[in-house]
Amino acid sequence: MSTLVYEKPESLYDRKTHYCPGCGHGVAHRLIAETIDELDIRHKTIGIAPVGCSVLAYNYLNIDMVEVAHGRAPAVATGMKRVKPDHIIFAYQGDGDLASIGCAEIMHAAHRGEDITVIFVNNAIYGMTGGQMAPTTMVGQIASTCPNGRDPLKEGYPMQMAEILSIMPGATYIERCAITDPANIRKTKKAIKHAFQRQLDGENGFNMVEILSPCPTYWRMSPVDAKKHITEQMTKTFPLGKLKG
Amino acid sequence: MSEKVLMCGNEAVAEAAIQAGLDAFFGYPITPQNEIPEYMSRRMPEEGRVFVQSESEIAAINMVYGAAATGARAMTSSSSPGISLKQEGISYLAGSQLPAVIVNMMRGGPGLGNIEPSQSDYFQATRGGGHGDYYHIALAGNSVQEMADLMYDAFDLADKYRGPVMVIGDGILAQMIEPVDVFAKKRPPIQTDKSWALGNLKDRSPNIVNSLFLGDNVLENHNLRLQAKYQIIRDTEVRFEATDTEDADLIVVAYGIASRIASSAIRKARKKGLKVGLFRPITLWPFPAKPIAALAGQGRKFLAVELSYGQMVEDVRLAVNGASPVDFYGRAGGSVPTVEAVLEKIEENLK
């Protein structure tokens, strides 16, 4: 007798990935797909793909999806949720998308307390365009537009979006996780599920799960070292845990 | 229901949109269109529909994009500087083929300009306005009644051709109060195939709303499909009004509020025995080039009158293609041509 213990979620396509080896997006996609299956909400979930490495998220997630302009996902999600209040609406955003060009949209979606979920994949770099500095880039971290490392006196300190957003009354659930090891990946899944469940239950308020995610290519590290870097370095600036809710 | 009431252009446009089946309005304050979001903020909740005051014009057009992607009738309104901000979203709406209605009550520019009436956004409204090879239908009324009437057409055309449609007025049409029956053109929304819309995923493969097309020739083929659609619109959706053009020695071409000024000047000219007619484009895009070309030649002259320094006149010249002389008169920056000045220009052309 054999027991099936692991299989591909229905909400995830079986296809080759365009993501780099060791990238966190694939894991994040899978966690979303598993959650959608487990909550049985595939028929009423709409995902929003951002501009960035995950612009092609709709090639992996087997659900209705829209691709939107850089940074505007929370505004698009607002428009969708307001006309489809019975649907689970989630925006999938990177750190350049969410914390830089889309700063106004994310702040005001949280401020209005839109009943949406934002999956914020923070890898502290612009991946798609070739490794430029992001608002979340760590102090001293080398990027193609800060070749000598981020200097906080010139370029500012890394933006802690989860902390910033959590002070807003409209934001009712915010948690920061990391996809570094099985325990943390399970915590991330739990957080995503909790956020979606809140929408499903009609709980008012803006939900965000920030995921610290490795970018071995533009961190110039091996996949193993990249995960170690999250645990040992990134979490000092971006501490894990529930900030709200 | 069919009684006329006094409303300003902004209010009439807003109520007509509601009557046309608007599901969701998203807007941001800017003069001279503020009565639209204000009216919507009161009326949309009364109807159980969506009103959101967005954080910016950029957010508003993206909220429209989101609502439209689910198949809802969605709209935003603004005025010139705000419309510039919306251009990113309008390009995405065109690329993703989403129906939506955008109202532009034009004011003086460039830059912050002023809050006075203007027609200086003609180029922007008729050449796509944002990045990429696209056009959108642009409808221009010249009275509060016609602005209201055009809202019904705007939503139907947006659905029919799956793309953004712009309704264009100016600071005068926005603020001017006239008797209007906003129900005059009320009809059930056209039924179009919305199987592309997001949500309620059952017994079908997922829908993707997208303007990104990678791979060899994929974007080119998408563009060719858009261009084919634009050609159908050019061939079938041109609208205009020609008044006393048959015997005219001079045809004044003017749209929107400029056509009201022009028609007053033409009336005076006719009283003086001058044979002058009015050609009024209602679709600025597609521009009524063929009807103008048909009127050209035969010793006839044209005079374009605008609240700009000469934007639509370029389309008139392209249409006439050298067959007749085309003159221009316009004022902008918030100044409005007077009837007397237009009359003087008419007389000068017919000396």
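The values are calculated or read from the model by the stated rules, or taken from the named source; none is laboratory data. The shown structure was predicted, so the numbers you read here are calculated from the model rather than taken from an experiment. Reconstructed Cβ throughout: ideal geometry from the backbone, glycine too, with neighbour counts over all protein chains shown.
Computed values, structure above
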{"item": "So B:Ala293, is it touching a Leu at 6+ places or on another chain (Cβ under 8 Å) and either away from chain A (no Cβ under 14 Å) or under 30 Å from A:Thr45 (Cβ atoms) (or both)", "result": "no"}
{"item": "Qualifying residue in region A:95-102 (condition: assigned to a helix (DSSP H, G or I), within 8 Å of another protein chain (Cβ to nearest Cβ) and surrounded by fewer than 24 Cβ atoms within 10 Å (Cβ to Cβ))", "result": "no"}
{"item": "Qualifying residue in region A:58-69 (condition: closer than 13 Å to B:Asn210 by Cα, more than 8 Å from chain B (Cβ to nearest Cβ) and surrounded by fewer than 24 Cβ atoms within 10 Å (Cβ to Cβ))", "result": "yes"}
{"item": "Boolean, A:Val27 is of a type in the set (A, V, I, L, M), buried (at least 17 other Cβ atoms within 10 Å of the Cβ), at the interface with another protein chain (Cβ under 10 Å from one of its Cβ atoms) and in a helix (DSSP H, G or I)", "result": "no"}
{"item": "Flag for B:Asp121 being of a type in the set (D, E, K, R), touching a strand residue (DSSP E or B) at 6+ places or on another chain (Cβ under 8 Å), in the same structural domain as B:Val180 (by TED's automatic domain parsing) and within 24 Å of B:Gly333 (Cβ to Cβ)", "result": "yes"}
{"item": "Condition check for B:Glu47: at the interface with another protein chain (Cβ under 9 Å from one of its Cβ atoms) and either without any contact (Cβ under 8 Å) to a residue 40 or more places away in the chain or in contact with a His (Cβ under 9 Å, 6 or more places away or on another chain) (or both)", "result": "no"}
{"item": "Filter result for the condition that a residue is of a type in the set (S, T, N, Q), in contact with a helix residue (DSSP H, G or I) (Cβ under 6 Å, 6 or more places away or on another chain) and in contact (Cβ under 8 Å) with a residue 40 or more places away in the chain, over B:Ser78, B:Ser96, B:Ser91", "result": "B:Ser78"}
{"item": "Residue satisfying all of: in region B:172-217; among the aliphatic types (A, V, I, L, M), within 10 Å of chain A (Cβ to nearest Cβ) and in a loop (DSSP other than H, G, I, E, B); surrounded by the fewest Cβ atoms within 10 Å (Cβ to Cβ) among these", "result": "B:Leu214"}
{"item": "Looking only at region B:20-44, and only at residues there that are crowded, with 20+ Cβ neighbours inside 10 Å and away from every other protein chain (no Cβ under 14 Å), the one that is farthest from B:Asn104 (Cα to Cα)", "result": "B:Ala20"}
{"item": "B:Ala74 vs. criteria closer than 23 Å to B:Pro206 by Cβ and at pLDDT 95 or above", "result": "yes"}
{"item": "Residue satisfying all of: in region B:59-81; more than 24 Å from B:Asp156 (Cβ to Cβ) and buried (at least 24 other Cβ atoms within 10 Å of the Cβ); nearest to the other protein chains (Cβ to nearest Cβ) among these", "result": "B:Ala59"}
{"item": "Number of the exception - A:Leu153 against (1) of a type in the set (A, V, I, L, M, F, W, C); (2) in contact (Cβ under 8 Å) with a residue 12 or more places away in the chain; (3) surrounded by fewer than 23 Cβ atoms within 10 Å (Cβ to Cβ)", "result": "(2)"}
{"item": "Residues that are without any contact (Cβ under 8 Å) to a residue 60 or more places away in the chain, under 23 Å from B:Glu178 (Cα atoms) and surrounded by fewer than 17 Cβ atoms within 10 Å (Cβ to Cβ), drawn from region B:257-282", "result": "B:Arg267"}
{"item": "Strands (runs of 3 or more DSSP E) contained in region B:225-339 and holding at least 2 residues of a type outside the set (A, V, I, L, M) and over 19 Å from the mean Cα position of the chain (by Cα)", "result": "B:301-306, B:326-330"}
{"item": "In region A:189-245, the residues that are closer than 14 Å to A:Ile32 by Cβ and not in a strand (DSSP E or B)", "result": "A:Lys189, A:Lys190, A:Ala191, A:Ile192, A:Lys193, A:His194, A:Ala195, A:Phe196, A:Gln197, A:Gln199, A:Ser213"}
